[in-house]
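Asker: Here you go, one structure.
The values are calculated or read from the model by the stated rules, or taken from the named source; none is laboratory data. Worth saying up front: this structure is predicted, and the values here are computed from it rather than measured. Note: ideal-geometry Cβ built from the backbone for every residue, glycine included; neighbour counts use all protein chains shown. Heavy atoms of the whole protein, side chains included, go into the accessibility calculation; ligands, DNA and RNA do not. Shrake-Rupley method; radii C 1.70, N 1.55, O 1.52, S 1.80 Å.
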Amino acid sequence: MKGKIKQIIGPVVDVEFTEGHVPGIYNALNVQIGDRTIVLETQYHTGGNVVRTVAMDTTDGLARGMEVSDTGAPITIPVGVPTLGRMFNVLGEPIDGKEK
């Protein structure tokens, strides 16, 4: 499902979707800016097919009308023995300089 950014207030981003295609609470949404992907997490349905999200990275470069994609799932991070002793950011991406 695709939506459009309606409003940006710091890390809070409101996204409007078409009727009947509003993502679920805690769904991850992606916004592509060049080679960078900003992940938004749905927090609240404000009504009128608009969801309020929180950005997991800086919102610099975002603008009203930009296209947003619903992943259909929450943000996930790796778990298990291969992750022991590793450091990850909030999106599950390694930040310790080792291979993925």
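Asker: Quick one: what pairs do we get from the range 1-25, first residue in a strand (DSSP E or B), second among the aromatic types (F, W, Y) and open to solvent by less than 40 Å² (accessible area, probe 1.4 Å), C-beta under 7 Å, 6+ apart or different chains?
Answerer: From the range 1-25, the pairs are G3/F17.
Asker: Does R52 satisfy the criteria of being open to solvent by 70 Å² or more (accessible area, probe 1.4 Å), out of contact with any helix residue (DSSP H, G or I) (no Cβ under 9 Å at 6 or more places or on another chain), assigned to a strand (DSSP E or B) and not small (G, A, S)? It would help to see each step written out before you state the result.
Answerer: Details: open to solvent by 70 Å² or more (accessible area, probe 1.4 Å): yes; out of contact with any helix residue (DSSP H, G or I) (no Cβ under 9 Å at 6 or more places or on another chain): yes; assigned to a strand (DSSP E or B): yes; not small (G, A, S): yes.
It is true that R52 is open to solvent by 70 Å² or more (accessible area, probe 1.4 Å), out of contact with any helix residue (DSSP H, G or I) (no Cβ under 9 Å at 6 or more places or on another chain), assigned to a strand (DSSP E or B) and not small (G, A, S).
Asker: Could I ask something else about it? If D57 satisfies all but one of (1) open to solvent by 50 Å² or more (accessible area, probe 1.4 Å); (2) of a type in the set (D, E, K, R); (3) more than 11 Å from the chain's Cα centre (by Cα), what's the number of the condition it fails?
Answerer: Here D57 clears every test but (3).
Asker: Which ones in the range 1-14 are surrounded by 16 or more Cβ atoms within 10 Å (Cβ to Cβ) and small (G, A, S)?
Answerer: The answer is G3, and nothing else.
Asker: Here's something else I'd like to know. Given the criteria farther than 19 Å from I8 by Cβ, in a helix (DSSP H, G or I) and free of Cβ contacts under 8 Å to residues at least 40 places away in the same chain, does P82 qualify?
Answerer: Criteria met by P82.
Asker: I'd like to verify a number: residues in the range 15-32 that are within 14 Å of Q43 (Cα to Cα) and surrounded by 19 or more Cβ atoms within 10 Å (Cβ to Cβ), how many?
Answerer: Residues meeting the conditions: 6.
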